[in-house]
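**Q** Once you've had a glance at the structure underneath, I'll fire off some questions.
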Amino acid sequence: MRAISVGLLTCLMSGCTAFFPPAQKQDLPNGGYWLNYDAARRGAVILPKSDNYKYCAEQSPDVALSLVNKVQADVKAQGVDLGSGQFESAAEVVALAGRTKTVLLARESLYRLCELSINNDLDAKTVNEMLKNITDMIGRIAQSDSDQANARQAVAKTASSALSQNMNPTQVQQLLERIK
């Protein structure tokens, strides 16, 4: 009996952190829904439109959820030491490696376009034109980032070559400062 009690208590205590509901749903005044998730997930708004629904899901967060549950129990039967137990549970939100500014801009722009398309009666042609403008802008920014990286790589190769030819390191450093 005591073993069953310890087992049930362990399951109940671990259920608080390991078995949480996947989402909370809030009803919106216009008949839509807001689905709210924890830090490791995302939220979404779902709105009725005509005879269908439209939704926008938030961009995925840059975190991961780490759940740790440890259970240790020493239960013996037949009148000898029925008891003793230990339980440890922890939940930790871990930030993932940061995204580049370009990725963050792309994610935010696309989410705002989704919001704009839901909040206004935009036709498909207008939404597609706006999407093309966003992707073109992101492409130009990505190309600029790539060009800058290539330029830095060329400078590094030049400095490495100069040092390998026994050029004075102080002169190489001064040259690098002028190039920046």
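**Q** Yes or no: Leu67 surrounded by 11 or more Cβ atoms within 10 Å (Cβ to Cβ), modelled with pLDDT of 85 or more and not in a loop (DSSP other than H, G, I, E, B)?
**A** Taking the combined requirement at face value, the residue does not satisfy it.
**Q** Another question about this same structure. Criterion first (modelled with pLDDT under 90 and not assigned by TED's automatic domain parsing to the domain that holds Tyr53) does Ala151 satisfy it?
**A** So Ala151 fits the description; yes.
**Q** Still on this model: Please pick out the residue among Leu104, Leu113, Leu82 that is at pLDDT 55 or above, surrounded by 14 or more Cβ atoms within 10 Å (Cβ to Cβ) and out of contact with any Phe, Trp or Tyr (no Cβ under 8 Å at 6 or more places or on another chain).
**A** Leu113
**Q** Of the conditions (1) hydrophobic (A, V, I, L, M, F, W, C); (2) outside any helix (DSSP H, G or I); (3) under 24 Å from the mean Cα position of the chain (by Cα), Met137 fails just one. Which one is it?
**A** All conditions pass for Met137, except number (2).
The values are calculated or read from the model by the stated rules, or taken from the named source; none is laboratory data. Bear in mind the structure is a predicted one, so any value in this text is a computation, not a measurement. Here Cβ is always computed from backbone atoms with ideal geometry, including for glycine, and neighbour counts include all displayed protein chains.
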